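Taking it in order: structure first as structure tokens, then the write-up.
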Amino acid sequence: MTKLTSLTIFFPAYNEEKNIKNAVIQAIEIGKKISQNENYEVIVINDGSTDSTAAIVNTLSAHNPKVKLITHGVNQGYGGALMTGFTNATKDWVFFSDSDGQFDLSELETFLPYTDTKSVIIGYRIKRNDPPMRILNARAWNFLNRFAFGLIVKDIDCAFKLFKRESLQEVLPEMHSRGAMISAELLIRLKLVGYDFVEVGVNHYPRTSGSPTGAKASVIYRAFRELAQVYRGDLGIQWVKQVIKFFIVGTFNTVLDICIYLLITHFIPAFASHKMWAKGVSYIFGLFNSFIFNRALSFKSEFVTTSFLPFIIVGVASLAINTGVMYVFYESLKVNEFLSLGIATVATLSWNFLTSKFIVFKD
């Protein structure tokens with residue numbers, strides 16, 4: 001059987017007095033079995049627990065010096081505990097899991113065949129034994145990270161991951177997250193520097209003791225805040241950033257268009273009786289505004305006079321596309337008015353974004 005040259009196993013633990021002893025015993029057993037010459041260590045990150053978690057680990061450590069306790073004076077959250085584990089691991093391979101008893105650590109043995117060629121082996125829960133709302137939240141979280149960062153894995157936050165320590169050392173200095181975003185950011189950064197992942201299915205069992213903290217409103221808020229921070233930093237996919245900025249500018253332009261239209265039709269008699277002229281004027285204002293803000297914000301392009309004429313042509317074409325699509329779906333195909341309007345809007349926005357990116361503001 002393939003064995004690891006040396007292995008760190010660590011657990012974040014917050015008020016896990018009913019689970020921590022069994023987790024550590026499992027870790028000792030698998031550490032002895034899969035590390036060469038029993039070269040392993042088990043680290044428990046006691047994240048500000050107020051129960052007897054620390055005392056139980058200290059008792060286990062007294063009988064086995066390979067068991068180590070690191071205590072946070074105050075609770076730092078899941079991400080903070082993981083970072084402490086990563087930075088204090090001393091062995092060639094680093095594995096972490098939760099201390100709540102929902103995983104069977106003996107399944108780590110199934111990861112061994114991949115360690116000859118891969119430095120990052122991550123588990124995914126074959127059948128997740130959590131409340132429906134947590135499962136729904138996890139799927140939405142996976143989707144957000146896939147969309148914003150291109151991170152395509154089955155189960156981002158599965159707490160059953162094995163890393164070669166040198167791979168962690170390559171990305172840990174750049175890490176910002178200390179909350180629930182930490183697993184996603186870690187995988188994103190590892191992918192960015194060239195590491196491929198192997199995903200291995202593991203069993204997931206119901207929690208029998210203790211209380212989970214991942215569904216707390218404060219935890220969820222911090223996760224989304226960190227996702228936004230990481231996205232605005234160096235990891236967000238550039239075209240996604242451009243789409244979001246383009247949408248924001250487009251929303252502002254729509255409001256501006258409507259406001260100008262209403263103002264001139266209500267206060268300028270000539271436009272009150274010629275509303276199509278008014279619409280043309282308000283559209284032109286929106287067009288100029290779109291050019292200025294999309295150039296400066298969405299695409300960060302230098303101003304060149306040669307880009308303005310293509311933008312005008314694109315703008316006029318977008319008006320034709322908008323009205324043309326609306327006419328086809330609403331008048332010809334007899335589709336519901338609001339659905340037709342939505343289809344026309346999506347078609348126009350797609351046209352505007354693609355032509356702005358690749359024709360008007362191209363590098």
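The values are calculated or read from the model by the stated rules, or taken from the named source; none is laboratory data. Owing to the predicted nature of the structure, the values given are computational and were not obtained by experimental measurement. Every residue, glycine as well, gets a Cβ built from its backbone with ideal geometry; the counts of neighbours run over all protein chains shown.
Hey, can you tell me all the residues within the stretch 81-101 that are part of a loop (DSSP other than H, G, I, E, B) and more than 24 Å from Arg222 (Cα to Cα)?
Ala89, Thr90, Lys91, Asp92, Gly101
Tell me the residue from Tyr40, Tyr14, Tyr78 that is of a type in the set (Phe, Trp, Tyr), touching a residue at least 40 places away in the same chain (Cβ under 8 Å) and more than 25 Å from Ser218 (Cα to Cα), please.
Among Tyr40, Tyr14, Tyr78, only Tyr40 is of a type in the set (Phe, Trp, Tyr), touching a residue at least 40 places away in the same chain (Cβ under 8 Å) and more than 25 Å from Ser218 (Cα to Cα).
Is there any pair with a first residue in the stretch 94-114 that is modelled with pLDDT of 95 or more and a second that is in a helix (DSSP H, G or I) and hydroxyl-bearing (Ser, Thr, Tyr) whose Cβ atoms are under 7 Å apart and which are 6 or more apart or on different chains, and what are they?
Pairs that qualify, where the first residue is modelled with pLDDT of 95 or more and the partner is in a helix (DSSP H, G or I) and hydroxyl-bearing (Ser, Thr, Tyr): there are none.
Return yes when Thr84 is closer than 21 Å to Ile182 by Cβ, surrounded by 17 or more Cβ atoms within 10 Å (Cβ to Cβ) and hydroxyl-bearing (Ser, Thr, Tyr) and no when it is not.
yes
For the stretch 119-140, which residues satisfy the criterion of being closer than 24 Å to Gly79 by Cβ, modelled with pLDDT of 90 or more and among the basic types (Lys, Arg)?
Once the filter is applied, which keeps residues that are closer than 24 Å to Gly79 by Cβ, modelled with pLDDT of 90 or more and among the basic types (Lys, Arg), the stretch 119-140 yields only Arg125.
Could you run through the stretch 281-301 and say how many residues are modelled with pLDDT of 70 or more and not in a helix (DSSP H, G or I)?
Residues in the stretch 281-301 being modelled with pLDDT of 70 or more and not in a helix (DSSP H, G or I): 0 in total.
For the stretch 27-43, check the following and say yes or no: at least one residue is within 28 Å of Val200 (Cα to Cα) and under 28 Å from the mean Cα position of the chain (by Cα).
Among the residues of the stretch 27-43, at least one is within 28 Å of Val200 (Cα to Cα) and under 28 Å from the mean Cα position of the chain (by Cα), which makes the answer yes.
For the stretch 256-267, state whether one or more residues are at pLDDT 75 or above and not in a helix (DSSP H, G or I).
Looking for residues that are at pLDDT 75 or above and not in a helix (DSSP H, G or I), one finds none in the stretch 256-267, hence no.
Search the stretch 101-141 for residues being out of contact with any Ser or Thr (no Cβ under 7 Å at 6 or more places or on another chain) and among the polar types (S, T, N, Q), and hand back the single one that is surrounded by the fewest Cβ atoms within 10 Å (Cβ to Cβ).
If we take residues in the stretch 101-141 being out of contact with any Ser or Thr (no Cβ under 7 Å at 6 or more places or on another chain) and among the polar types (S, T, N, Q), then Thr117 is surrounded by the fewest Cβ atoms within 10 Å (Cβ to Cβ).
Please work out if Thr5 is under 18 Å from Glu166 (Cα atoms), out of contact with any Leu (no Cβ under 9 Å at 6 or more places or on another chain), free of Cβ contacts under 8 Å to residues at least 40 places away in the same chain and among the polar types (S, T, N, Q).
Judged against the criteria, Thr5 is not a match.
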